[in-house]
Amino acid sequence: MNNTGIDVAGEPAARNVRTGQTGRGKLILLVEDDEGDQLLTREALAETDSPLEAVMVSDGEEALDYLRRKGEHADAARPDLIVLDLNMPKINGQRLSEIVKQDPALRTIPIVILSTSDYEEDVAKCYHAGVNSYVRKPTDFDEFVAVIGAIEHYWFHVVEPPPKG
């Protein structure tokens with residue numbers, strides 16, 4: 001556990017991003033390789049009004065290990081939402097989305113790509129890979145907080161999620 005209240009890879013129990021307490025709130029799997037963006041995302045999640053729990057991993061390969069409960073992630077909880085960067089080492093966000101959406105045990109987990117890329121080709125490829133939303137990552141902190149809040153609100157308060165399978 002780090003000092004921000006967000007679990008890092010290797011710790012199976014998710015924690016509330018504001019209180020640090022474990023429990024069963026909505027769980028987000030955050031997949032981000034850039035340390036600055038990890039910190040920004042942690043801070044933005046702490047600003048939301050929901051008792052979110054989050055686990056952060058730093059690349060697509062580790063995300064798959066978490067989702068498939070392999071190795072140190074054997075006791076990992078199934079996330080309610082996956083938020084991932086597009087450009088990452090090992091397995092990028094588009095490929096990770098394809099793999100998740102082809103896996104019968106994982107395909108119903110919603111995926112949001114959060115990326116600075118505004119290339120139409122990247123957006124199209126991600127939607128073809130099965131992502132549920134593609135969101136451009138703002139560079140302004142207040143805008144970033146608003147975007148994270150909108151993602152949280154939409155996926156946890158507006159839509160009816162698929163049954164966990």
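Could you say whether any residue in segment 92-103 is β-branched (Val, Ile, Thr), in contact (Cβ under 8 Å) with a residue 60 or more places away in the chain and either part of a helix (DSSP H, G or I) or crowded, with 19+ Cβ neighbours inside 10 Å (or both)? Quick ask: steps written out before the conclusion?
Step one: filter segment 92-103 for residues β-branched (Val, Ile, Thr), giving 99-100.
Narrowing the set further to residues that are in contact (Cβ under 8 Å) with a residue 60 or more places away in the chain leaves none.
Among the residues of segment 92-103, not one is β-branched (Val, Ile, Thr), in contact (Cβ under 8 Å) with a residue 60 or more places away in the chain and either part of a helix (DSSP H, G or I) or crowded, with 19+ Cβ neighbours inside 10 Å (or both), which makes the answer no.
Across segment 135-158, the qualifying residues are those that are more than 16 Å from ALA46 (Cβ to Cβ) and open to solvent by less than 30 Å² (accessible area, probe 1.4 Å), and the one among them that is farthest from the chain's Cα centre (by Cα) is PRO138.
Would you confirm whether any residue within segment 105-122 is in contact (Cβ under 8 Å) with a residue 24 or more places away in the chain, open to solvent by 60 Å² or more (accessible area, probe 1.4 Å) and assigned to a helix (DSSP H, G or I)? Scanning segment 105-122 turns up no residue that is in contact (Cβ under 8 Å) with a residue 24 or more places away in the chain, open to solvent by 60 Å² or more (accessible area, probe 1.4 Å) and assigned to a helix (DSSP H, G or I).
Filter segment 24-60 for residues that are within 14 Å of the chain's Cα centre (by Cα), closer than 24 Å to ARG95 by Cβ, open to solvent by 20 Å² or more (accessible area, probe 1.4 Å) and of a type in the set (D, E, K, R) and give the result. If the condition is that a residue be within 14 Å of the chain's Cα centre (by Cα), closer than 24 Å to ARG95 by Cβ, open to solvent by 20 Å² or more (accessible area, probe 1.4 Å) and of a type in the set (D, E, K, R), then ASP33, ASP34, ASP37 are the ones that fit. So for segment 135-146 (the condition being at pLDDT 95 or above and on the phi > 0 side of the Ramachandran plot), does at least one residue qualify? No, segment 135-146 contains no residue that is at pLDDT 95 or above and on the phi > 0 side of the Ramachandran plot. For segment 123-134, a residue qualifies if it is part of a loop (DSSP other than H, G, I, E, B) and open to solvent by 20 Å² or more (accessible area, probe 1.4 Å), and the qualifying residues are GLY130, ASN132.
The selection criterion, being over 18 Å from HIS157 (Cβ atoms), among the acidic types (Asp, Glu) and modelled with pLDDT under 95, holds for ASP34.
The values are calculated or read from the model by the stated rules, or taken from the named source; none is laboratory data. Since the structure is predicted, the reported quantities are computational estimates derived from the model, not experimental observations. We place every Cβ from the backbone using ideal geometry, glycine too, and count neighbours over all the protein chains shown. Ligands, DNA and RNA are stripped out before the accessible areas are found, and what is left, the full protein with its side chains, is counted by its heavy atoms. Shrake-Rupley method; radii C 1.70, N 1.55, O 1.52, S 1.80 Å.
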